[in-house]
Amino acid sequence: MSLIVGVISQKGGVGKSTISRILAAEYARHDWDVKIADFDLSQGTVTSWNADRMANEVKPQISVEQFSSVSSLVKQKGHYDLIVIDGAPASTRQTLDIANISQLLVLPTKTTLDDLRPQIKLAHELRKSGVGKNKILFVLSMVGESKSELENAQMYIEEAGYICAGAIYRKDSIGQAHDTGRAANETPFKSVNKTVDQLVQSIVDQLQQVSV
Ligand SMILES: Nc1ncnc2c1ncn2[C@@H]1O[C@H](COP(=O)(O)OP(=O)(O)OP(=O)(O)O)[C@@H](O)[C@H]1O
Ligand SMILES: [Mg+2]
């Protein structure tokens, strides 16, 4: 039986594909058989990224496949240790299907209220549809250097009743890593990778908790 993590948001450009790649790279590094299910058919971000990864012979190899529906993904359940669903932006119809099939949902958001509000709204909608609170994990993306920016956003998430797993800082090296088929925890900079790995550890811990 595969573990499934859904990475979803209402707004676009909040870090879904970034987190999907980080998780896939982390588990693949530990010899898990991992697939990223690319639900963003119009952009195909992780599909193109994986082509670059293969062209640059980046290891470990990661399998990526495009899916237009959760029902087609269900057929592959069991073929992989972990499936990471990279959700399309603003895909309301599919979001609940993804939520139902996933053990854990990661909701990335930037730190501004413009981004926090719709993501909290999505979390509330998921809760109303019966999704358990511990299944929803927020991640702060593209965070700047200001300490208060991070703290205020964390507080906003926690006051809304949700868990914030941590943050990924905005770094040129992360964009550059993506451009060469690498994930944000595979940059040439140990300090960047280490910070991202701390976040990964919280997501891994939560996945372990909800999947027992
Ligand atoms: N921490 C970071 N530092 C620098 N660049 C980043 C960082 N995180 C993401 N990016 C870049 O920001 C852009 C948006 O990130 P990403 O593609 O992960 O968002 P998304 O939610 O998947 O977007 P979409 O909704 O369009 O699918 C990408 O160009 C990505 O390479
Ligand atoms: Mg994306």
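Assorted remarks:
- For the range 101-115, the criterion of being among the polar types (S, T, N, Q) and within 16 Å of ligand 2 (Cβ to nearest atom) is met by at least one residue.
- Residue count for the range 83-94 under the criterion of being over 14 Å from Ala183 (Cβ atoms) and at pLDDT 95 or above: the result is 4.
- Members of the range 55-90 that are without any contact (Cβ under 8 Å) to a residue 60 or more places away in the chain and within 16 Å of ligand 1 (Cβ to nearest atom): Ile62, Val64, Gln66, Phe67, Ser68, Ala88
- Subset of the range 3-29 (residues that are hydrophobic (A, V, I, L, M, F, W, C) and away from ligand 2 (no atom under 11 Å from the Cβ)): Leu3, Ile4, Val5, Ile22, Leu23, Ala24, Ala25, Ala28
- Matching residues in the range 135-159 - criterion: being touching a helix residue (DSSP H, G or I) at 6+ places or on another chain (Cβ under 9 Å) and hydrophobic (A, V, I, L, M, F, W, C): Ile136, Leu137, Phe138, Val139, Leu140, Met142, Val143, Ala153, Ile157
- On inspection, Leu105 qualifies as in contact with a Gly (Cβ under 6 Å, 6 or more places away or on another chain) and closer than 17 Å to Ser141 by Cβ.
- Qualifying residue in the range 40-51 (condition: away from ligand 1 (no atom under 16 Å from the Cβ) and touching a residue at least 12 places away in the same chain (Cβ under 8 Å)): no
- Just one of the listed residues (Leu113, Leu96, Leu104) is away from ligand 1 (no atom under 15 Å from the Cβ), within 26 Å of Ser63 (Cα to Cα) and surrounded by fewer than 21 Cβ atoms within 10 Å (Cβ to Cβ), and it is Leu96.
- Some residue of the range 68-82 being at pLDDT 95 or above, within 16 Å of ligand 2 (Cβ to nearest atom) and either hydroxyl-bearing (Ser, Thr, Tyr) or touching a strand residue (DSSP E or B) at 6+ places or on another chain (Cβ under 9 Å) (or both): no
- Residues that are hydroxyl-bearing (Ser, Thr, Tyr) and under 17 Å from Ser202 (Cβ atoms), drawn from the range 127-155: Ser141
- Applying the criterion of being of a type in the set (A, V, I, L, M) and surrounded by fewer than 23 Cβ atoms within 10 Å (Cβ to Cβ) to the residues of the range 26-53, the residue that is farthest from Val139 (Cα to Cα) is Ala51.
The values are calculated or read from the model by the stated rules, or taken from the named source; none is laboratory data. Because the structure is a prediction, the values reported are computed rather than measured. Methodologically, a virtual Cβ is constructed for each residue, glycine included, from the backbone with ideal geometry; neighbour enumeration extends over all protein chains shown.
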